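Contents: one structure, followed by commentary.
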Amino acid sequence: MLDALYQRIESKRDDLITLTQDLVRIPTLNPPGEYYDDCCHFIGERLSKRGFEVEYFRALGTPGDSDRYPRVNIVARKSSGSGPCVHFNSHIDVVAVGSGWQEDPFKAELKGDRIFGRGTCDMKGGLAASIIAVEAYLEEFPDHPGAIEISGTADEETGGYGGVAWLAEQGIMAVPRIDHVIIPEPLDKDRVCLGHRGVWWAELETKGHIAHGSMPFDGDSAIRHMTALLEKFETELYPALAQKRTDMPVVPDGAKQSTMNINSIHGGEDEGFDGLPAPIVADSCRTIIDRRFLIEEKLEDVKQEIYSLVADLHEKRPGFDCEVRDLFEVIPTMAPENAPVVLAVSAAIQEVLGKPATHVVSPGTYDQKHIDRIGKLNNCIAYGPGILTMAHQPDEYVEVTDMIDSSKVMATALHQLLNGASA
Ligand SMILES: [Zn+2]
């Protein structure tokens, strides 16, 4: 029934390639948040030519926002007056290039079926595929009911505060304005990502007492106190985390349990000088922990685990003093498996790819949290082209065939969600 739609998408193959290349050639690096305005206007000009109402929003005063690096977002809307609103949300920012590239990260060269460059996979390929899906859909079904929205948003890679979080706070990416959300993040074209685990970042600082390094007994080493805490992590915390398994379908398998990364550690004298160090006992040692937790865990309990280890040492270890400072937290989120957008995209995967969809949960986090918590909509998923493990890598690429296939899936799901009918 949708063959004509699929043919239309296939006929737009060159357009899809050029669109992806044009997007990748705007180096929207974050940090610092470069060229957001250019990227938003590039998308906006294209969509306004196709009859979308286009609005640009600067998230004034959000982290990183300045006149030099404005946090600009675009929301484009095509509405027929009544009916549900289906929203495609893509972040426009990309992470630093890093080393190890053979390809030019911003040339967006097409080689065979692959377009190479920073952001091809995460997630300008997904953005381009959703735009092509919507444009083909509008040509095929100009009299569709409901509303279709496409957004390009800032800062997903740094928490989304100047992007989706801000738009949700303004009621733009929130109920009742939107009903169904698809985020074309790279999760593989046959997988529906229902949500993600939770995050708690904290800085732990042990305190000591400075003294001459030749007489450490006159001081109290903050580094040794930190070592005692790290030993507790090894002997008590990590074994306990390994026992906590989730029913969330997290991929990869290693992330089906609670995890914690020790992100950094700094103690004693500052680094980065050329001379010899001065002999001192460290009076401060700081570490940053990155704890990822499961939908079965409560954030208070996750924090309490650390507080208890600290309290235990405080009681048993002379001079032990450790401050715990919250840096960042995200509550786990997961769309129900029977949510309309999950059912529609799963059915569309079956229809287009001829195989059942796999439902997964991301080990990390992305903007779905803001749509759920601030926008009060849990009928939201991530679905898009590109391979999850390619994101943020050197020689990042996206495959054109994957973009075409996922574009067909998105257009099929759009049709079903707008009409309440199956394909
Ligand atoms: Zn992404």
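The values are calculated or read from the model by the stated rules, or taken from the named source; none is laboratory data. This is a predicted model, so every value here is computed, not measured. With ideal geometry, Cβ positions are generated from the backbone for all residues, glycine too; neighbour counts draw on all protein chains shown.
Return yes when Ile223 is surrounded by fewer than 24 Cβ atoms within 10 Å (Cβ to Cβ), over 29 Å from Thr389 (Cα atoms) and not assigned by TED's automatic domain parsing to the domain that holds Gly384 and no when it is not.
Against the criterion (surrounded by fewer than 24 Cβ atoms within 10 Å (Cβ to Cβ), over 29 Å from Thr389 (Cα atoms) and not assigned by TED's automatic domain parsing to the domain that holds Gly384), Ile223 qualifies.
Here Val164, Val95 are screened, and the one residue that is within 12 Å of the ligand (Cβ to nearest atom), surrounded by fewer than 19 Cβ atoms within 10 Å (Cβ to Cβ) and among the aliphatic types (A, V, I, L, M) is Val95.
Against the definition (crowded, with 18+ Cβ neighbours inside 10 Å and of a type in the set (Asp, Glu)), how does Glu351 come out, yes or no?
yes
Out of Val341, Val310, one residue alone is part of a helix (DSSP H, G or I), touching a strand residue (DSSP E or B) at 6+ places or on another chain (Cβ under 7 Å), modelled with pLDDT of 95 or more and crowded, with 21+ Cβ neighbours inside 10 Å. It is Val341.
For (1) in contact (Cβ under 8 Å) with a residue 24 or more places away in the chain; (2) of a type in the set (Lys, Arg), each residue gets a yes or a no:
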{"residue": "Thr206", "(1), (2)": "yes, no"}
{"residue": "Gly213", "(1), (2)": "yes, no"}
{"residue": "Ala222", "(1), (2)": "yes, no"}
{"residue": "Met226", "(1), (2)": "yes, no"}
{"residue": "Pro239", "(1), (2)": "no, no"}
{"residue": "Val250", "(1), (2)": "yes, no"}
{"residue": "Lys256", "(1), (2)": "no, yes"}
{"residue": "Asp270", "(1), (2)": "no, no"}
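Take Met260 and tell me if it is outside any helix (DSSP H, G or I), in contact with a strand residue (DSSP E or B) (Cβ under 7 Å, 6 or more places away or on another chain), surrounded by 13 or more Cβ atoms within 10 Å (Cβ to Cβ) and touching a residue at least 12 places away in the same chain (Cβ under 8 Å).
In short, yes.
If I ask for residues that are out of contact with any helix residue (DSSP H, G or I) (no Cβ under 6 Å at 6 or more places or on another chain), hydrophobic (A, V, I, L, M, F, W, C) and touching a residue at least 12 places away in the same chain (Cβ under 8 Å), which ones from the stretch 297-312 would you list? Matches in the stretch 297-312: Leu299, Val302, Ile306, Val310. Run down Glu169, Glu231, Glu156 and say which single residue is under 31 Å from the mean Cα position of the chain (by Cα), charged (D, E, K, R) and away from the ligand (no atom under 16 Å from the Cβ). From the options Glu169, Glu231, Glu156, the qualifying one is Glu169.
Residue-wise test of (1) assigned to a loop (DSSP other than H, G, I, E, B); (2) within 30 Å of Arg286 (Cβ to Cβ); (3) in the same structural domain as Arg118 (by TED's automatic domain parsing); (4) over 20 Å from the mean Cα position of the chain (by Cα).
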| position | (1), (2), (3), (4) |
| --- | --- |
| Glu337 | yes, no, yes, yes |
| Val345 | no, no, yes, no |
| Val361 | no, no, yes, no |
| His370 | no, yes, yes, no |
| Asn378 | yes, no, yes, no |
| Pro394 | yes, no, yes, no |
| Val398 | no, no, yes, no |
| Asp405 | no, no, yes, yes |
| Thr412 | no, no, yes, yes |
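Return a yes/no flag: does the stretch 141-149 have any residue that is in a helix (DSSP H, G or I), surrounded by 22 or more Cβ atoms within 10 Å (Cβ to Cβ) and modelled with pLDDT of 95 or more. The answer is no, given that none of the residues of the stretch 141-149 is in a helix (DSSP H, G or I), surrounded by 22 or more Cβ atoms within 10 Å (Cβ to Cβ) and modelled with pLDDT of 95 or more.
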